[in-house]
Amino acid sequence: MNQLLLPLLLMLVVAIPLVMGTRKQKKAAAAQQELLASLAPGDRVMTTSGLYASVADATADTTIDLEIAPGVVTTWLRQAVREKVEPVVETDEDSTDVVDADEVVEAPVVESKDDERVEEKSGAQIAPPLEHGKK
């Protein structure tokens, strides 16, 4: 009896994670199939390549028409749809960030190593070009 206990325990240690992993994969595959079957015109989706679009036509079994821009409709495989996303809703908070014409925005001042006052540029900064071949 003691001779069978160790091999039986080893089998359980290996078998339980395999079974649990298989169940997890089956659930994920079923959820993806349900998502693909539930797509309807007007749904906002994201493809596996990261493209956001609206479903224009979902009547075909293997393909789906996605509107990527107003008036631009492309045909994709259904499996390329990764997930449904919520439509973008603009709020009033987005418009409050606009600076009034009367307000003056000053650039922050940064102390340099030479004790000189240097104004920091606001916005994007451009990196100098790379010089290949120089060491």
Burial ordering of Lys26, Lys84, fewest other beta-carbon atoms within 10 Å first: Lys26, Lys84
Sequence order, the stretch 4-13: Karplus ³J(HN,Hα) from phi using 6.51 cos²θ - 1.76 cosθ + 1.60, θ = phi - 60°, Hz rounded, Gly and Pro as x, gives 8, 5, 5, x, 5, 5, 4, 5, 5, 5
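When a footprinting reagent is the concern and you count Cβ atoms within 10 Å, what order do Thr63, Thr22 take, fewest first? Each step should come with its number before you reach the end.
Values: Thr63 15, Thr22 10.
Fewest-to-most Cβ neighbours within 10 Å comes out as Thr22, Thr63.
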Name the residue farthest towards the positive end of the dipole of the stretch 10-84 from the options Ala69, Gly42, Leu10, assuming +1 on Cβ of Lys and Arg, -1 on Cβ of Asp and Glu, about the Cα centre. Leu10
Exposure proxy check on Leu10, Leu36: fewest-to-most Cβ neighbours within 10 Å is Leu10, Leu36
What percentages make up the Cα-Cα pair-distance distribution of the stretch 10-84 when the bins are 5 Å wide from 0? 3, 15, 23, 17, 10, 7, 7, 6, 5, 3, 1, 0, 0
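Every number here is computed from the coordinates shown, using simple stated rules; none is lab data. Everything quoted here is computed from the prediction, not taken from an experiment. Please note: Cβ atoms are built from the backbone with ideal geometry, for glycine as well, and neighbour counts cover all protein chains shown.
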